[in-house]
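Enquirer: Sharing a structure here in structure tokens format.
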Amino acid sequence: MLNQFSRTELLLGKDAMEKLAKSRVAVFGIGGVGSYTADALARSGVGAIDLIDDDTVCLTNINRQLIATHSTVGKLKVDVMKERLLDINPDINVITHKYFFDAESANQFNFCDYSYVVDAIDTVTAKLILIECAKKVNTLIISCMGAGNKLDPTKFEVADIYKTSVCPLAKVMRHELRKRGVERLKVVYSKEEVCEPLEDMKNSCKAGCICPPETKRKCTVRRQVPGSISFVPSVAGLIMAGEVIKDITGI
């Protein structure tokens, strides 16, 4: 019988679709990258998805985040994403975690439960903790490097972290992961040189933050607020989803 995944099955086959239906993927960070990753995973037939983020949708997210619209401003990102995923596949099991992932909240997760972990977090400290947690129990993980202050989506590549270049975030991650004894890590990164944001006091989130009142980590506490555009983080997110699907199915 035809269903919402029939076209996908024509490419992957029945056995692969059964593997996906039995898999559970955790997406850490439901922003410009993670929202597109989660959406694509659901549309590919993944049976269970954990969504981890404590942030609310802000007006300034609308330019790049799949779940951000004027009607969702002020709502928790994981709640909006869950509603969207269930609309795509009513049978999917969506588990929301309204946490900012860090050393304190890491013990809330059993990484052995996951078929795959997606790192779409934008802070180095949290990324390192997440990677170590997944690696400790040999759970597959893919990590996104910098997607902010970029304009060319064709510059993204998939590589091991130690074979990356150009990306400033990847450089920091290489250094820190080497110190921690992490020997390999699949990443999506861009070889595009970072663009300098055209920031002034009129368009600066740090000077005129409009985050919803419920937001716990407002722009004013960030060291830097990067520029962004619709077609860069979305491409990174879709590439991440593609790698997850290929690795789970073995195709």
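Enquirer: All but one of (1) part of a loop (DSSP other than H, G, I, E, B); (2) farther than 25 Å from L20 by Cα hold for N138; which doesn't?
Expert: Result: N138 fails condition (2) only.
Enquirer: Shifting gears a bit: Considering every residue within the range 170-181, establish whether at least one is surrounded by fewer than 21 Cβ atoms within 10 Å (Cβ to Cβ) and assigned to a loop (DSSP other than H, G, I, E, B).
Expert: yes
Enquirer: Of all residues being in contact with a Pro (Cβ under 7 Å, 6 or more places away or on another chain) and surrounded by fewer than 20 Cβ atoms within 10 Å (Cβ to Cβ) in the range 62-89, which is nearest to T8 (Cα to Cα)? Just the residue, please. Write out each step before concluding.
Expert: Pass one, the range 62-89, residues in contact with a Pro (Cβ under 7 Å, 6 or more places away or on another chain): 64, 73-74.
Then drop every residue that is not surrounded by fewer than 20 Cβ atoms within 10 Å (Cβ to Cβ), which leaves 73-74.
Values: V73: 33, G74: 35 Å.
Only one residue tops the list, namely V73.
Listed here are the residues, each with its yes/no results for (1) touching a Leu at 6+ places or on another chain (Cβ under 9 Å); (2) not hydrophobic (A, V, I, L, M, F, W, C).
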| residue | (1), (2) |
| --- | --- |
| S6 | no, yes |
| E9 | no, yes |
| L12 | yes, no |
| A16 | no, no |
| A21 | no, no |
| V25 | yes, no |
| G32 | yes, yes |
| S35 | yes, yes |
| V57 | yes, no |
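Enquirer: When the residues of the range 90-116 are narrowed to those that are assigned to a loop (DSSP other than H, G, I, E, B) and small (G, A, S), which ends up surrounded by the fewest Cβ atoms within 10 Å (Cβ to Cβ)? It would help to see each step written out before you state the result.
Expert: Start the filter on the range 90-116 by keeping residues that are assigned to a loop (DSSP other than H, G, I, E, B), which leaves 90-92, 98-105, 109-110, 114-115.
Now drop any that are not small (G, A, S), which leaves 103, 105, 115.
On the way: A103: 11, S105: 15, S115: 19.
By that ranking, first place goes to A103.
Enquirer: Could you grab me the full set of residues in the range 6-31 that are part of a loop (DSSP other than H, G, I, E, B) and either hydrophobic (A, V, I, L, M, F, W, C) or touching a helix residue (DSSP H, G or I) at 6+ places or on another chain (Cβ under 6 Å) (or both)?
Expert: To start, the set of residues in the range 6-31 that are part of a loop (DSSP other than H, G, I, E, B) comprises 13, 22-23, 29-31.
Of everything in the range 6-31, those that are part of a loop (DSSP other than H, G, I, E, B) and either hydrophobic (A, V, I, L, M, F, W, C) or touching a helix residue (DSSP H, G or I) at 6+ places or on another chain (Cβ under 6 Å) (or both) turn out to be S23, I30.
Enquirer: Quick one: which of D122, D87 is of a type outside the set (G, A, S) and not in a loop (DSSP other than H, G, I, E, B)?
Expert: Details: D122 fails: not in a loop (DSSP other than H, G, I, E, B).
Every option except D87 fails the conditions.
Enquirer: I would also like to ask the following. Provide a single number: the residues in the range 79-101 that are of a type outside the set (K, R), out of contact with any strand residue (DSSP E or B) (no Cβ under 7 Å at 6 or more places or on another chain) and at pLDDT 95 or above. Before the answer, list the steps.
Expert: The initial filter retains those residues of the range 79-101 that are of a type outside the set (K, R), namely 79-81, 83, 85-97, 99-101.
Checking which are out of contact with any strand residue (DSSP E or B) (no Cβ under 7 Å at 6 or more places or on another chain) leaves us with 80, 83, 87-91, 100.
Then keep just the ones that are at pLDDT 95 or above; that gives 80, 83, 87-91.
Counting residues in the range 79-101 that are of a type outside the set (K, R), out of contact with any strand residue (DSSP E or B) (no Cβ under 7 Å at 6 or more places or on another chain) and at pLDDT 95 or above gives 7.
Enquirer: Step by step: first the residues of the range 32-76, then only those that are among the small types (G, A, S) and in a loop (DSSP other than H, G, I, E, B), then the one that is farthest from V118 (Cα to Cα). Which residue is that? Give the steps one after another, and end with the answer.
Expert: First pass over the range 32-76, keeping only residues among the small types (G, A, S): 32, 34-35, 38, 40, 42, 44-45, 47-48, 68, 71, 74.
Now drop any that are not in a loop (DSSP other than H, G, I, E, B), which leaves 32, 45, 47, 68, 71, 74.
On the way: G32: 13, G45: 16, G47: 15, A68: 20, S71: 27, G74: 25 Å.
Checked the range 32-76; the qualifying residue farthest from V118 (Cα to Cα) is S71.
Enquirer: Determine the pairs where a residue that is on the phi < 0 side of the Ramachandran plot and surrounded by fewer than 19 Cβ atoms within 10 Å (Cβ to Cβ), located within the range 145-160, has a partner that is in a loop (DSSP other than H, G, I, E, B) and among the acidic types (D, E) with Cβ atoms under 8 Å apart, the partner being 6 or more residues away or on another chain.
Expert: L151/E192; D152/E192; K155/E192
Enquirer: Another one. Which members of the range 69-93 meet the condition of being in contact with a Ser or Thr (Cβ under 7 Å, 6 or more places away or on another chain) and of a type outside the set (K, R)?
Expert: Initially, the range 69-93 is screened for residues in contact with a Ser or Thr (Cβ under 7 Å, 6 or more places away or on another chain), giving 74-82.
Scanning the range 69-93 gives G74, L76, V78, D79, V80, M81.
Enquirer: Can you tell which of T37, T56 is closer than 16 Å to S234 by Cβ, under 18 Å from the mean Cα position of the chain (by Cα) and among the hydroxyl-bearing types (S, T, Y)?
Expert: T37
The values are calculated or read from the model by the stated rules, or taken from the named source; none is laboratory data. Every value quoted in this text rests on a predicted model; they were computed, and no experiment measured them. All Cβ positions, even for glycine, are placed from backbone atoms using ideal geometry, and neighbour counts span all protein chains on display.
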